[in-house]
Amino acid sequence: MTIDLRSDTITQPTPEMRRVMAEAVVGDDVLGDDPTVTALEEYTAGLLGKEAAVFMPSGTMTNQVALRVHTEPGDEIILEAEAHIYYYEGGGPAALSGAMCRLVPGDEGIITAAQIEKVLRPADPHFARTRLVCLENTHNRGGGKIFPLDEIERIAALCQEKGLILHLDGARFWNACVATGVSPAAYAKPFDTVSVCFSKGLGAPVGSALVGTAEQMQRARRFRKMFGGGMRQAGIIAAGALYALQHQYERLAEDHANAQRLAEDLAQVEGVEVDPASVETNLVVFGVPGRSAVAVAEALEQQGVAVLAVGAERLRAVTSLMVDGEAVAQVAAKVAEVLQKR
Ligand SMILES: *Cc1c(COP(=O)(O)O)cnc(C)c1O
């Protein structure tokens, strides 16, 4: 059996989750009739201390609907240079919202209020209207980096002062909460809208939610429909998401402990570059200087370990409920074996 560390999106529903899904009470959610979807939306909004939430098929859709809710064509969005919204969403900001992306290079995905302030444009007809700032917590290409709450608060104060909207891509929001002990409501408070995911580390098969004010979510429902994300008896999948949130939240700490253990083991392997102190959640990004990351990933696959190449000489291993401590403990030796061969 392959030790699958490609992503936390590979997580499978547990037998108990499948039972809850099979027994879910459902209705036509586009008509507002699905009590399970409504329960999930209310529970999620409550957890984040916001008025309302809208359930959607993917994190890409929650982010792209948020951009559409907050901007008009020609508006400018400020993003970290490797933000998922910019990097991995198929050009969505341009295609779906007609928005311009202004990129600010971060330190492992983290940008500061001071950096953002420098790129703000004065109100002048020459300039695009800066409208929205998007942050990402934890940061995917930043290697699962946690966005510090105090910096978020400084950015929120700047947005408030300048009349800008603040959105969070929280695909791994729960990981940030569990790792820091900051409550979801406290971490969500500085943001106008937050996108959260149920199908990554939490382990539900499908789904994300956008969370914000009732008025914003009413607007989000219209764009969800427009983008083709209005789902009918979606309670089947919402039940899995609700179950995941209520039963598989605390266990994210195990993924973090496994990732830490993996980073420490890898740091001992000759030819691997990794700083265990930089591993804050469930993502372990490691360098293989002088080697092709793609070739190393292929050789590791032969050894029964699946990881992803995320750069020319960089690989990523992600812990999740699909890999236990015993499996994780086998990985470093296999990496060493692959790196010894030329
Ligand atoms: C996974 C991810 C998303 C959305 O992913 P979907 O596969 O569309 O659900 C958004 N942002 C970040 C940071 C992610 O890691």
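Just so you know, all these numbers are worked out from the coordinates, no wet-lab data involved. None of these values were measured; they are calculated from a predicted model. Note that each Cβ is placed from the backbone with ideal geometry, even for glycine, and that neighbours are counted across all protein chains shown.
What does DSSP give for the chain in terms of the percent of beta bridges that are antiparallel, rounded to the nearest 5?
Among the beta bridges of the chain, antiparallel pairing accounts for roughly 50 percent.
Between Ala114 and Ser183, what is 0.36 nm times their sequence separation minus the Cα-Cα distance? Round to one decimal in nm.
22.2 nm
If you wrap the chain's Cα atoms in a convex hull and average its projection over all directions, what's the area in nm²?
Projected over every direction and averaged, the Cα hull of the chain covers 17.3 nm².
Say R0 is 30 Å: what FRET efficiency, to the nearest 0.05, do Ala306 and Arg121 get from their beta-carbon distance?
Result of the calculation: an efficiency of 0.10.
Using packing as a proxy for protection, rank 144-155, 54-65 so that the peptide with the highest average count of other Cβ atoms within 10 Å comes first.
Ranking, from highest mean packing down: 54-65, 144-155.
Only four residue types carry charge here, +1 at the Cβ of Lys and Arg and -1 at the Cβ of Asp and Glu. Report the dipole size of the chain about the Cα centre in Debye, rounded to the nearest 20.
In debye, rounded to 20, the chain gives about 740.
Put a dot 7 Å past each Cα toward the Cβ at Glu151 and Asp107; how far apart are the dots in nm?
For the pair Asp107/Glu151, the computed spacing is 0.7 nm.
Apply the Debye scattering formula to the range 183-325, with a single equal point scatterer on each alpha-carbon and no solvent, then give log10 I(q)/I(0) at q = 0.10, 0.14, 0.15, 0.18 Å⁻¹.
These q points yield log10 I(q)/I(0) values of -0.50, -0.85, -0.92, -1.08.
Which whole number of Å³ per residue matches the convex hull of the alpha-carbon atoms in the range 179-267?
For the range 179-267, the hull spanned by Cα atoms encloses 137 Å³ per residue.
Taking 0.36 nm per residue of separation and subtracting the Cα-Cα distance, what length does fully extending Leu31 through Glu16 add?
Taking Leu31 through Glu16 to full extension adds about 2.5 nm, to one decimal.
Which Rg and Dmax, in Å, describe the Cα atoms of the range 29-113?
Every Cα atom of the range 29-113 included, Rg and Dmax give 15.4, 45 Å.
Sorted by mean Cβ packing within 10 Å, highest first, what order do the peptides 69-82, 204-217, 322-335, 166-179 take?
Highest-to-lowest ranking by the protection proxy: 166-179, 204-217, 69-82, 322-335.
Return the lysines within reach of Lys200: Cα separation strictly under 26 angstrom, same-chain partners fewer than 8 residues apart disregarded; answer none if there are no such residues.
Candidates past the 8-residue exclusion: Lys50, Lys145, Lys189, Lys225, Lys334.
What full-extension length gain, to one decimal in nm, is calculated for Ala295 and Ala81 as 0.36 nm per residue of separation minus the Cα-Cα distance?
My answer for the length gained is 74.4 nm.
Starting from the Cα gyration tensor of the range 46-159, take the square roots of the eigenvalues, sort them a ≥ b ≥ c, and report rounded, prolate or oblate (rounded when a/c is under 1.5, otherwise prolate if a/b is larger than b/c, else oblate).
It comes out rounded by the Cα gyration axes.
Given a cut-off of 20 Å, what percent of all Cα-Cα pairs of the range 251-341 lie beyond it?
That fraction is 25 percent.
Using every pair of alpha-carbon atoms in the range 64-119, split the distances into 5 Å bins beginning at 0 and state the percent of pairs per bin, rounded to integers.
Going from the shortest bin to the longest, the percentages are 5, 20, 29, 23, 17, 6.
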